[in-house]
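The values are calculated or read from the model by the stated rules, or taken from the named source; none is laboratory data. Bear in mind the structure is a predicted one, so any value in this text is a computation, not a measurement. Glycine also receives a Cβ, built like all others from the backbone with ideal geometry; neighbour counts cover every protein chain displayed. Ligands, DNA and RNA are stripped out before the accessible areas are found, and what is left, the full protein with its side chains, is counted by its heavy atoms. Shrake-Rupley method; radii C 1.70, N 1.55, O 1.52, S 1.80 Å.
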Amino acid sequence: MRARLRRHTVTFVLAGAAVVAALVCAIAVRGAGPINPVSQWLGATDGDVVATKSQFESWTLALHVAEVAAVVVIVAVLAAVVSAVVRSRR
């Protein structure tokens, strides 16, 4: 049992990294405010938003962090699946 778990340690670490990146993505998207593309789908904002420069920069930074975290999620999940398949064949 321990040998099988040890064999899949890389898969578990990658899956954990994907979960953490997904949480970071969700928090950053929430922090992006009205420039978050999903907020328009949910009707949370109307078309007109007035913001200061610092607010806009903060929202833009949060949106970029969310985009990078989403890419990390995709890469980590794909790597975990590949790792699990390769390790299970050995």
Phi angles of the range 73-78, converted by Karplus (6.51 cos²θ - 1.76 cosθ + 1.60, θ = phi - 60°) into ³J(HN,Hα) in whole Hz with x for Gly and Pro, give 4, 5, 5, 5, 5, 4
Using 7 Å Cα-to-Cβ label points, what is the Arg7/Val68 separation (nm, one decimal)?
3.7 nm
Mean projection of the alpha-carbon convex hull of the chain over all orientations, in nm²?
7.2 nm²
Here the gain from full extension of Val82 to Val19, 0.36 nm per residue of separation minus their alpha-carbon distance, amounts to 21.0 nm
Rounded to the nearest whole Å², what accessible area per residue is found for the chain with the 1.4 Å probe?
74 Å²
The percentage of the accessible area of the chain (probe 1.4 Å, all protein chains present) made up of carbon and sulfur atoms, to the nearest whole number, is 69 percent
What distance in nm lies between label points placed 7 Å from Cα along the C-beta direction at Glu57 and Ile35?
1.1 nm
